[in-house]
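The values are calculated or read from the model by the stated rules, or taken from the named source; none is laboratory data. In this text the structure is predicted, and so the values were computed from the model without any measurement. Glycine gets a Cβ as well: all are built from the backbone with ideal geometry, and neighbour counts include every protein chain shown.
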Amino acid sequence: MSFYPKPFSYDDARAWVERNIKSYDANGFGLWAMDLKATGEFIGQCGLTVQQVEGESHVEVGWHVNRAYWRQGFASEAGAASLDVAFGRFGLERVISLILKENVPSAGVARKLGMAIEREVVYKDLLHDLWVETATG
């Protein structure tokens with residue numbers, strides 16, 4: 001939660017889960033748990049969500065990884081798999097990622113995934129870079 005305005009309360013976390021369940025019902029996708037194969041330990045989440053940005057609906061690829069597991073390739077691996085699902089299974093032409101300018105680790109993941117900054121946007125009252133990847137690369 002380092003790059004969120006505040007840590008989630010219990011109610012915030014419950015609403016987060018409920019939004020993802022609704023996303024699966026409405027869109028067929030949402031966030032997936034990231035577990036270590038060796039131990040089964042939960043280390044984060046990654047996947048696809050629908051975001052409203054400046055009045056337009058976009059599918060976003062996002063990742064959240066426990067800080068203890070940063071810089072080990074987990075976000076990049078999960079992000080790449082999520083893009084494969086977006087472009088393959090769901091036939092999407094374009095996927096975004098909303099990243100706060102100060103979130104250097106996530107910007108590195110987006111860059112590694114081949115994404116590029118399209119523009120700056122205000123999302124939830126904060127300035128973000130809107131990163132984009134297309135099915136044609």
Residues in the stretch 81-92 that are assigned to a helix (DSSP H, G or I) and either over 24 Å from Glu56 (Cα atoms) or basic (Lys, Arg) (or both) total 1
Given the conditions (1) surrounded by fewer than 18 Cβ atoms within 10 Å (Cβ to Cβ); (2) under 26 Å from Leu127 (Cβ atoms); (3) not β-branched (Val, Ile, Thr), every one holds for Cys46 apart from (1)
Has the stretch 2-25 got at least one residue that is loosely packed, with under 11 Cβ neighbours inside 10 Å and in contact with a strand residue (DSSP E or B) (Cβ under 8 Å, 6 or more places away or on another chain)?
yes
Item to complete: Kindly check whether there is at least one residue in the stretch 80-88 that is under 15 Å from Asp129 (Cα atoms), in contact (Cβ under 8 Å) with a residue 12 or more places away in the chain and of a type outside the set (S, T, N, Q).
Response: no
Residue set Lys101, Lys112, Lys22; condition modelled with pLDDT of 95 or more, among the charged types (D, E, K, R) and either touching a helix residue (DSSP H, G or I) at 6+ places or on another chain (Cβ under 7 Å) or over 20 Å from Thr134 (Cα atoms) (or both); output residue Lys112
Q. In this structure, does Lys101 turn out to be surrounded by 12 or more Cβ atoms within 10 Å (Cβ to Cβ), touching a strand residue (DSSP E or B) at 6+ places or on another chain (Cβ under 7 Å) and more than 27 Å from Ile21 (Cα to Cα)?
A. yes
Going through (1) in a loop (DSSP other than H, G, I, E, B); (2) surrounded by 18 or more Cβ atoms within 10 Å (Cβ to Cβ) one by one, Val95 fails only at (1)
Scanning the stretch 54-79 for residues that are under 17 Å from Asp129 (Cβ atoms) and surrounded by fewer than 16 Cβ atoms within 10 Å (Cβ to Cβ), the one modelled with the lowest pLDDT turns out to be Glu54
Taking the stretch 57-83 and keeping residues under 19 Å from Ala116 (Cα atoms) and charged (D, E, K, R) leaves Glu60, Glu77
Here the residues within the stretch 21-75 that are polar (S, T, N, Q), assigned to a strand (DSSP E or B) and without any contact (Cβ under 8 Å) to a residue 24 or more places away in the chain are Gln45, Gln52, Ser57
